[in-house]
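Step one of this worksheet: look at the structure below.
Each reported figure results from applying straightforward, stated rules to the coordinates on display, with no laboratory input. Note that this is a predicted model, so its numbers are computed, not measured. Here the Cβ is made from the backbone with ideal geometry for all residues, glycine too, and neighbour counts use every protein chain on show.
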Amino acid sequence: MSEFLDLEAQDGIRMPWNVIPGTKQEALNCVIPVSAIYTPLKSIPDIPVLPYSPLRCRMCRSILNPFSIVDYVAKIWVCPFCFQRNQFPQHYSSISENNLPAELFPQYTTVEYISSTETGPVVPPVFIFVVDTCMIEEEIGYLKSALAQVVELLPDNSLVGFITFGTYVQVHELGFGLLPKSYVFKGTKEVTKEQILEQMCFFAGKKMPTTGVIAGTRDGLSSESISRFLLPASECEFVLNSVIEEMQKDPWPVPADQRASRCTGVALSVAANLLGVCVPGSGARIMAFVGGPSTEGPGSIVSKSLYEPLRSHKDLDKDSAPLYDKAVKFYDQIAKQLVHQGHVLDLFACAVDQVGVAEMKVAIEKTGGMVVLAESFGHSVFKDSLRHIFQSADDKLGLSFNGILEINCSKDVKVQGIIGPCTSLEKKSPLSSDTVIGQGNTSAWKMCGLDKKTSLCFVYDIAKKDGQDSIGQSTSNQFYFQFLTYYQHNEGMMRLRSTTISRRWVSGTDNVEELVAGFDQEAAAAVMARLVSFKMETEVDFDPVRWLDRALIRICSKFGDYQKETPSSFSLSPRLSIFPQFIFNLRRSQFVQVFNNSPDETAYFRMMLDRENVANAVVMIQPSLLSYSFQSGPEPVLLDVTAIASDKILLLDSYFTVVIFHGVTIAQWRKAGYQDQEGHEAFAQLLKAPHEEANSIIKERFPVPRLVVCDQYGSQARFLLAKLNPSVTYNSDNPAPGGDVIFTDDVSFQVFMDHLQRLSVQ
């Protein structure tokens with residue numbers, strides 16, 4: 001496993017197949033597609049930042065890299081992708097074997113370019129807060145204090161705007177400091193850019209141009225009219241704080257049998273248009289704080305009557321959620337507009353009930369926005385996550401804007417698409433495959449928002465047909481992949497990061513050992529999880545459990561060692577041995593089993609899965625479990641009900657929740673207060689250790705996970721029991737004393753493996 005982690009540390013890439021099946025048919029036989037999970041802005045220590053423009057190939061526009069073949073005498077380099085011979089320009093004339101530019105050093109497969117001619121001026125980031133006021137006073141109080149903290153943490157040069165909404169939308173004029181002043185829009189119908197220009201007096205006293213798209217200062221908008229609504233944080237801190245301080249509950253009365261009238265869709269559309277008018281093309285984020293479902297105007301998800309429940313998964317399956325498709329279509333339009341403008345939508349949804357994350361998912365995902373889901377604005381999940389975004393510590397997210405990602409690969413490889421937070425730029429090229437998965441049909445993608453953790457899953461197609469006589473058979477047995485990310489760095493200037501990797505390919509029937517030797521089972525599990533989530537959302541009547549089971553059986557019968565028809569002889573190489581366990585847990589995970597989750601929660605879980613790297617995705621699929629006891633320090637234990645013992649403390653990390661679970665004896669001692677008595681220091685230390693570990697997990701994760709502290713047989717113990725392998729259930733013989741049983745009819749991992757072995761050897 002460690003060599004895959006080393007490769008990831010160097011380039012931010014993990015691939016299920018690090019030795020690639022060489023022909024189309026062999027790749028299909030391997031079941032898991034040739035794919036890569038790439039983190040474009042992964043923080044790589046000692047990454048060279050080069051102060052000049054990159055050297056591109058004349059033909060395919062790929063960038064000079066360590067795999068290029070260089071002729072130092074003739075000053076020529078050969079592109080590894082299209083074999084084009086390129087002349088070095090004048091300023092590379094001193095190049096020799098002993099005098100290499102950084103981008104040709106074999107260890108620098110990832111480099112960044114920062115050149116003043118291409119980067120243009122440093123542009124400040126823009127934040128526009130869109131705040132819901134249809135909430136109880138207590139929630140508004142929590143939100144006010146959170147926003148007041150954010151105002152202090154904002155970078156001084158960043159521009160800030162502020163919009164509140166309830167029955168109506170109010171755009172606050174922060175540039176008018178004498179008294180609070182805002183422009184009000186009706187919440188029942190959409191607001192166009194023209195209405196915003198006219199009603200918000202952008203051309204006060206001047207004639208508005210009749211033709212063309214008006215966008216930004218270059219189209220005749222004075223910077224004074226823009227700075228009425230978007231001001232540098234350092235200048236408007238006082239006004240902004242007083243607007244937040246005076247924010248009150250939406251004044252319109254709400255009958256007892258109705259929901260508040262909340263026009264979330266119109267508010268977001270006003271924010272998108274305002275940014276489109278004022279700062280198109282420069283990095284901006286709409287941060288929406290929503291405390292309930294949208295019931296008014298376009299994008300509403302439920303009627304006002306409380307007699308009508310919010311849509312469930314069952315309603316969506318049966319097509320009995322009348323507003324769902326309309327709302328998704330509306331947010332898709334907003335997504336297109338934001339992508340065109342280069343802006344991001346972030347959502348902070350804090351309510352006991354659903355707020356419409358499932359409908360907004362398309363806009364958040366296509367713009368690369370962040371989403372935080374919590375029960376209340378007073379909950380630590382929301383407060384700490386919000387603080388984490390603006391923290392200036394080393395572990396900060398490094399928010400970047402306006403990314404464009406391009407790829408190059410060897411001509412026998414085609415890209416089917418990306419599953420992750422980005423949008424296809426529809427730039428069809430010879431690299432695009434005919435089959436599309438996710439954002440496809442292109443070799444370039446737009447990423448309006450991205451940070452150090454954003455990870456994309458590329459799905460490839462091997463185009464090479466079988467047989468040695470296939471045309472243009474390349475002589476080398478390497479496939480090359482290049483990823484170019486052009487983005488606005490969080491310090492304001494544009495940068496270009498180039499990552500180039502090569503992987504060996506093999507073909508023929510005797511290559512199974514080589515394929516297995518390069519198999520990364522964690523990356524494979526992460527790719528399968530993204531694929532199954534994607535298929536569940538896009539394919540009608542898709543059966544995820546069956547699809548996963550069939551894929552696993554095909555992999556085991558291809559790569560397992562066994563004698564035909566003899567299940568007891570079945571064994572898997574260590575490279576594959578944990579993969580069935582990952583699939584077993586994926587089948588039981590919240591990505592596949594949507595029962596007991598709302599559509600909002602499911603959308604949230606899937607969005608998080610689609611933007612996280614392999615290590616985090618594996619924790620979501622198969623949580624980690626640590627055991628603490630007097631006999632030993634913290635030790636990893638199997639995710640199994642047999643791990644529970646009365647004298648142990650368990651720490652479960654399932655990514656979204658961190659559970660500290662006290663065995664029944666430990667809980668009794670704790671309630672008796674032994675930890676505070678002399679002579680019981682060891683017990684006090686035992687209680688403290690899991691909390692310290694939990695805090696270190698919570699500190700470095702975004703969104704911040706929920707911490708659950710519970711005791712054996714307590715109601716909250718369900719958070720742990722739901723994730724454990726039910727090897728001991730209510731109908732098992734003699735369960736272990738002090739242990740626990742799980743009341744379920746689910747199959748245990750042992751039964752699952754028995755069936756798998758039986759079916760694989762047929």
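Data table
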quantity	calculated
Square roots of 5 times each gyration tensor eigenvalue, C-alpha, the range 548-660, largest first, Å	28, 23, 12
Filter on K314/K366; K396/K648; K361/K699; K181/K396; K361/K648 - keep pairs with C-alpha separation over 30 Å	K396/K648; K181/K396; K361/K648
Highest to lowest packing among 275-284, 243-252, scored as the average C-beta count within 10 Å	275-284, 243-252
Convex hull of the chain built on C-alpha atoms - directionally averaged projected area, nm²	39.3
DSSP-defined beta bridges in the chain - what % are antiparallel, rounded to 5	65
Percent of Cα-Cα distances greater than 16 Å, calculated over the range 658-720	52
D_trans [Stokes-Einstein, Kirkwood Rh over alpha-carbon pairs] for the range 76-188, 20 °C, 1.002 mPa s, µm² s⁻¹	106
Percent breakdown of C-alpha pair distances by 5 Å bin, ordered from the shortest bin, for the range 325-365	6, 25, 29, 21, 13, 5, 1
Share of pairwise Cα separations in the range 342-470, more than 18 Å, in percent	62
Per-peptide average of other Cβ atoms within 10 Å, ordering 641-652, 542-553 highest first	641-652, 542-553
Reference-scaled alpha-carbon Rg (2.2 N^0.38 Å with N residues) for the range 259-365	1.08
Residues with amide H under 5 Å from that of F519, placed H, sequence gap 5 or more	N18
Cα-based equivalent ellipsoid, the range 625-762: semi-axes from gyration tensor eigenvalues, Å	30, 19, 13
Whole-Hz ³J(HN,Hα) from phi, Karplus 6.51 cos²θ - 1.76 cosθ + 1.60, for the range 531-548, glycine and proline x	5, 5, 5, 5, 5, 5, 7, 10, 9, 6, 6, 7, 9, x, 5, 5, 4, 5
From phi via Karplus (6.51, -1.76, 1.60), per-residue ³J(HN,Hα) for the range 36-46 in Hz, x at Gly/Pro	8, 9, 10, 9, x, 10, 3, 6, 10, x, 6
Prolate/oblate/rounded call for the range 42-99, Cα gyration tensor, a/c under 1.5 rounded	oblate
Scaled radius of gyration (Cα, divided by 2.2 N^0.38 Å) that the range 163-204 gives	1.20
